[in-house]
Each structure stands twice: as C-alpha cells, then as structure tokens.
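Colleague: For reference, the structure I am asking about is given below.
The values are calculated or read from the model by the stated rules, or taken from the named source; none is laboratory data. Treat the numbers as computed from the prediction; the structure is a model and nothing was measured. Cβ atoms come from the backbone with ideal geometry, glycine included; neighbour counts cover every protein chain shown. Each accessible area value is taken on the protein alone, full model and side chains, heavy atoms only, with ligands, DNA and RNA left out. Shrake-Rupley method; radii C 1.70, N 1.55, O 1.52, S 1.80 Å.
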Amino acid sequence: MTAAPRPRIWGTAQFWWRAAIVAVGLLGLSSGNHRLVFFTIQSNVIVFAYYAGALYWMVRRGIPDAPAPRLRGAVTTWILTTALVSHVLLNEGASPLPGLMAADPAQALANQSLFLLHYVVPGMVLVDWVMFGPRRAVRWRDGLLWLIYPAAYAIVTLSRAIAFPTIADRFPYPFLNVDELGLGGAVLGMAQVVMVIAVIAAAVIGLDRLSAAIGGRLRGVVVRG
C-alpha cells in the first residue's frame, strides 16, 4: 500500500507569498545603511528569519500552514508596530511616496529601502495573516506575551542611552529622548507606545477570529450549494 502523495507546496499561494516576503525584506535590509539599534531593523530581521524558516518548514512537512502560530502572531504585531510608529510618530502622517523620487540618487535609494521596511513588508505580513491559516491557534492572552519584546527593547535602549551618553544613535526614537523629556517623560512615552502595541496585538488576534468566522461561513455556503 503506497503512501498518499504530499501536496505540491511549491504550487501554493502561501509558499510564493511568503517567498515574496522574504525577498522584499532582504531587498529592504540590504539596500540601505541600517543599524540594528532601530526597532524597524530588528523587527524586519525577525520577519525575514521567521518566514525563511516557514518556507523550509512548509517544504519539509508538505503543508501550506505556517509554523508556530503564536510566534507568527507576535511577528505580525511587531512589524505592524514598525509601520504605525514610522507613519504616525516619525513621518507625522505624511505620505512617503514623494521621497521615493528624490533628486539625490543616494537619498532616493535610502527612502526606497525604508519604504520597503516600513510599509511594504508590514503590508505583506498583514495580508499573510488575514488570508492564510492556521486559524484560531492564538489566544487572547497571547497578546500580553507579545508585549515582552517591545518593552525589553525600550528598556535596553533607554539603559544604553543613559550608560553611554556619546554612543551613536543614542535615541533611536524621540519618545526615548531622556535629554529632552527627562527620565519620567521617556518612561511615560515608552509606556504609551507599549499600550498602543497592546491594541495592535488585540487587533491582530481579532483579525484571526474574523478571518476564521468568514472562512467558516464561506465553506458552509459552498457545502449547502
């Protein structure tokens, strides 16, 4: 009796979409002068590592579902945080598109690299989360665990700035600027950002529940039809 053939993962939308995430992330990370001290770079490196591992998992196991759903939810939350902080706090809601065609080629390349990391990669990861399974593998309380890394990043970055006052990129983000805000103001800013991330985490889990509900209804319609 022969074993059932494995599904052709190479031909699935999940495989190629996740391969595109890896490719775009690599392009963004390698086309600019980036430092690991920035949450943007760290979160994109995490996305790259997770989805590269996911591709290997999918091929090895012959299944289209991504591995470690809770980690996937965390990765989605962190990269969406990158997009939101970049657009609202750093760009103050301004469109990034004009900068992509800057007159200076070096500046244009830098802007294009950041556009990939701040907007394109987060958007692709969000689409992956909404469109593909597994579903209902994360719990509401998992969102609290997803706050540990951003909180630790802020604490370590703040400690680094205090301990090394002459270090490069001492304050990667304005809400951590102890010199201007004072220690209390920086801690308050850090707490506010963590609260925003908690809302993002809840939204990510809510989208999972919504996608599962919509998928279930569509399957019911197909069966009844």
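Colleague: Any residue that is surrounded by 17 or more Cβ atoms within 10 Å (Cβ to Cβ) and either in contact with an Asp or Glu (Cβ under 6 Å, 6 or more places away or on another chain) or within 22 Å of residue 24 (Cβ to Cβ) (or both) - is there at least one of those in region 195-205?
Modeller: yes
Colleague: Go through 85, 59 for me and flag whichever is within 14 Å of the chain's Cα centre (by Cα) and either farther than 19 Å from residue 200 by Cβ or at pLDDT below 95 (or both).
Modeller: 85
Colleague: On the basis of being under 20 Å from residue 47 (Cα atoms), open to solvent by 80 Å² or more (accessible area, probe 1.4 Å) and not in a loop (DSSP other than H, G, I, E, B), does residue 117 make the cut?
Modeller: No.
Colleague: Quick check: anything in region 136-153 over 22 Å from residue 69 (Cβ atoms), open to solvent by 20 Å² or more (accessible area, probe 1.4 Å) and aromatic (Phe, Trp, Tyr)?
Modeller: Checking region 136-153: at least one residue is over 22 Å from residue 69 (Cβ atoms), open to solvent by 20 Å² or more (accessible area, probe 1.4 Å) and aromatic (Phe, Trp, Tyr).
Colleague: For region 86-102, indicate whether the set of residues that are within 30 Å of residue 139 (Cβ to Cβ) and surrounded by fewer than 17 Cβ atoms within 10 Å (Cβ to Cβ) is non-empty.
Modeller: Yes; the residues of region 86-102 include at least one that is within 30 Å of residue 139 (Cβ to Cβ) and surrounded by fewer than 17 Cβ atoms within 10 Å (Cβ to Cβ).
Listed here are the residues, each with its yes/no results for (1) part of a helix (DSSP H, G or I); (2) under 17 Å from residue 126 (Cβ atoms); (3) touching a residue at least 40 places away in the same chain (Cβ under 8 Å).
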site: 10; (1), (2), (3): yes, no, yes
site: 14; (1), (2), (3): yes, yes, yes
site: 36; (1), (2), (3): no, no, no
site: 76; (1), (2), (3): yes, yes, yes
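Colleague: Same structure again: Which numbered condition trips up residue 164, out of (1) on the phi < 0 side of the Ramachandran plot; (2) surrounded by 11 or more Cβ atoms within 10 Å (Cβ to Cβ); (3) over 25 Å from the mean Cα position of the chain (by Cα)?
Modeller: Looking at each condition in turn, residue 164 falls short on (2).
Colleague: Please tell me if residue 201 is in a helix (DSSP H, G or I), at pLDDT below 95 and either within 22 Å of residue 41 (Cα to Cα) or aliphatic (A, V, I, L, M) (or both).
Modeller: No: the conditions fail for residue 201.
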